[in-house]
Amino acid sequence: MHRTRGKVLGVAVAIAATGLLAACGGNDSTASSKPTLTNTTTATQAPTSSSTSGDAGAPAPAPEAAPPSTVAPERPQPVPTNAAPPSDSSKLTDKDKKFLDALKAQGITVNSPDIALSVATYVCQSQAAGAKDEEITPFVNAMAGSDPSFDPAKMPVEKAGKIYIDAAKSTYCQ
């Protein structure tokens, strides 16, 4: 009796899953259909006013262009010219050096200051825009983890991201 109940339950779950998956497939993909420019009037369709008896095999006229969209496409915001950190260590400002020193004091040695200073700039711009730490943490973690000198065996990327945010707030965003 117990085995039969299990089989019935399994069959019911399989049927339900099949029904749900079949309901999701609307087959409305346009990727596989190819538009044709031929006249596809059949005997059951009434001819249009533009067709005459003399041009039954002629191709259909090209469709008119769609009206222009009223929604403007989303465009990225331009990066301010002062947002690019210096790439030469001799051009580092005192603020840059303070930030890099704060990272080093917390156990993060950067290979190149470009990535670290980009993170600091991002943190400060996000803070100025009112973003919360929880909103920027995934991006800071990704940027911090992209530094070639970062070693995840020494420190989790989440901890490094927190150090970057704290150091930027205390030394760079002033």
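Points to keep in mind about this one:
- Subtracting the Cα-Cα distance of Asp94 and Asn111 from 0.36 nm times their residue separation leaves 4.3 nm of extension gain.
- Kirkwood-based Rg to Rh ratio, the range 88-174, C-alpha trace: 0.93
- A crude spin-label estimate for the pair Glu74 and Ala128, with each label 7 Å from Cα along the Cβ direction, gives 2.3 nm.
- For the range 146-153, the Karplus equation 6.51 cos²θ - 1.76 cosθ + 1.60, evaluated at θ = phi - 60°, returns couplings of 7, 5, x, 8, 5, 10, x, 6 Hz by residue, with Gly and Pro reported as x.
Each value in this text was obtained by applying a stated rule to the coordinates, not by laboratory testing. On a predicted model such as this, the values are computed, not experimentally measured, just so you know. Glycine gets a Cβ as well: all are built from the backbone with ideal geometry, and neighbour counts include every protein chain shown.
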